[in-house]
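The values are calculated or read from the model by the stated rules, or taken from the named source; none is laboratory data. Model, not experiment: these values are computed from the prediction. Cβ placement follows ideal geometry from the backbone for every residue including glycine, while neighbour counts extend to all protein chains displayed. Heads up: the accessible areas ignore ligands, DNA and RNA and are worked out on the full protein's heavy atoms, side chains in. Shrake-Rupley method; radii C 1.70, N 1.55, O 1.52, S 1.80 Å.
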Amino acid sequence: MKLQEKAGKVGFDWNDVRAVLNKIREEIIEVEAEIAEGSAQALSNEVGDIIFAAVNLARHLKVDPETALRGANAKFERRFAHIEMALSRRRPNPRRRQSR
């Protein structure tokens with residue numbers, strides 16, 4: 001984010017948040033192309049580009065990217081905990097004897 005802010009100060013920035021969204025779409029297409037190629041290093045580079053563009057989107061929307069990511073992680077943990085509980089209820093407990 002600091003790099004993007006520095007670049008923005010000298011005019012190297014997107015004028016419209018929609019342009020940032022288009023950049024993210026472009027980067028996703030590039031990841032899809034690299035998946036077909038199978039280069040781990042190229043995939044890593046492209047995923048990095050997506051993350052960089054997502055942080056840029058957050059900056060343009062005046063959203064703190066770290067706070068947003070922490071919130072997304074917490075939401076995922078809550079949802080996953082519900083899934084874990086549901087799965088544990090479905091599995092038979094080996095310590096309990098089943099009635100015959």
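Give me the angle, in degrees from 0 to 90, between the Cα long axis of helix 65-90 and the longest principal axis of the Cα atoms of the chain, rounded to the nearest 10.
20 degrees
What accessible surface, in Å², does a 1.4 Å probe find on residue 69, ignoring ligands, DNA and RNA and rounding to the nearest 10?
110 Å²
Accessible area per residue for segment 3-43 in Å², computed with a 1.4 Å probe and the full protein assembly in place, what is it?
Numbers: 3180 Å² over 41 residues.
Here the residues of segment 3-43 average 78 Å² of exposed surface.
Which residue fluctuates the most in the chain, going by a Gaussian network model with Cα springs under 10 Å, if the choices are 53, 81, 33?
Most flexible of the set in this elastic network: 81.
Could you grab the relative contact order for the chain? Cα pairs under 8 Å, six or more apart, rounded to a whole percent.
On the way: 36 pairs, mean separation 24.2, N = 100.
Relative CO of the chain lands at 24 percent.
Roughly how much of residue 46 is accessible, in Å² to the nearest 10, using a 1.4 Å probe?
30 Å²
What ³J(HN,Hα) values, in whole Hz, does the Karplus curve 6.51 cos²θ - 1.76 cosθ + 1.60 give for segment 19-24 when θ = phi - 60°, with x put for Gly and Pro?
Once θ is set to phi - 60°, the couplings for segment 19-24 become 5, 5, 4, 4, 5, 4 Hz.
About its Cα centre, what dipole magnitude does segment 7-91 give when the only charges are +1 on Lys and Arg Cβ and -1 on Asp and Glu Cβ, stated in debye to the nearest 20? Don't jump to the answer; show the numbers that get you there.
Values: 13 positive and 14 negative charges, 166 e Å.
So the magnitude is around 800 debye.
Return the sequence-ordered ³J(HN,Hα) values of segment 31-40 in whole Hz as given by the Karplus equation 6.51 cos²θ - 1.76 cosθ + 1.60 applied to θ = phi - 60°, using x for Gly and Pro.
With the stated coefficients, segment 31-40 comes to 5, 4, 5, 5, 4, 5, 6, x, 7, 4 Hz.
So for the chain, taking the charge dipole from beta-carbon charges (+1 Lys/Arg, -1 Asp/Glu), which of 29, 92, 54 sits furthest toward the positive end?
It is 92, whose Cα lies furthest towards the positive end.
In deg cm²/dmol, rounded to 500, what helix-only [θ] at 222 nm does the chain give when every DSSP H run of at least 4 residues adds -39500 (n - 2.57) and the total is split over its residues? Don't skip to the end; give the middle numbers.
Working: 4 runs with 76 residues, N = 100.
Only helices count here, giving -26000 deg cm²/dmol.
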